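What follows is a single structure, written as structure tokens, with notes after it.
The values are calculated or read from the model by the stated rules, or taken from the named source; none is laboratory data. Quantities reported herein were computed from a predicted structural model and do not represent experimental measurements. Cβ placement follows ideal geometry from the backbone for every residue including glycine, while neighbour counts extend to all protein chains displayed. Please note that ligands, DNA and RNA were not included when accessible areas were found on the heavy atoms of the full protein model with its side chains. Shrake-Rupley method; radii C 1.70, N 1.55, O 1.52, S 1.80 Å.
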Amino acid sequence: MDRYGFLASRIPAFAGLIDDYARAQVGWISQICPPPGRVLDAGCGAGRHAILLSQLGYDVLGIDASAPAVALAKQQAAAHQADVQWRCCLLYT
């Protein structure tokens, strides 16, 4: 099991669980910068924030250095019918 899989098996947020805390954070973002708009979710993990933002009408790009996290994010987005662009990459060169 890779490091992300290890964390995802023990911490619900790492498994992409869309909980009240994530909803509250996204609600705050949407109050500050109402949709439509473009969002870069750097370090998106399993994509819970990116998915919620997409459902509100934002154009979202989620990036993470963990390939397993991005793969899980893609699965979660499909399950929630969210249109998010995903990339596995580092934020530095």
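Worth a mention:
- Selection over segment 13-22 of residues that are open to solvent by less than 30 Å² (accessible area, probe 1.4 Å) and farther than 18 Å from C88 by Cβ gives a count of 2.
- Among residues of segment 80-93, those that are open to solvent by 80 Å² or more (accessible area, probe 1.4 Å) and either at pLDDT 95 or above or of a type in the set (S, T, N, Q) (or both), counted: 5
- Among residues of segment 54-72 being open to solvent by less than 40 Å² (accessible area, probe 1.4 Å), touching an Asp or Glu at 6+ places or on another chain (Cβ under 7 Å) and part of a helix (DSSP H, G or I), the one that is farthest from D20 (Cα to Cα) is V70.
- Matching residues in segment 36-53 - criterion: being in contact with a Gly (Cβ under 6 Å, 6 or more places away or on another chain), in a loop (DSSP other than H, G, I, E, B) and small (G, A, S): A46, G47
- Here Q76, Q31, Q25 are screened, and the one residue that is open to solvent by less than 70 Å² (accessible area, probe 1.4 Å), in a helix (DSSP H, G or I) and out of contact with any Gly (no Cβ under 9 Å at 6 or more places or on another chain) is Q25.
- Members of segment 54-75 found to be at pLDDT 95 or above and more than 12 Å from Q85 (Cβ to Cβ), listed by number: Q55, L56, G57
- Single residue of segment 34-53 satisfying the filter (aliphatic (A, V, I, L, M) and out of contact with any strand residue (DSSP E or B) (no Cβ under 6 Å at 6 or more places or on another chain)) that is most open to solvent (accessible area, probe 1.4 Å): L52
- Residues of segment 79-93 that turn out to be part of a loop (DSSP other than H, G, I, E, B) and aromatic (F, W, Y), as a count: 1
- Within segment 49-84, the set of residues being over 10 Å from the mean Cα position of the chain (by Cα) and of a type outside the set (G, A, S) comprises Q55, L56, Y58, D59, P68, Q75, H80, Q81, D83.
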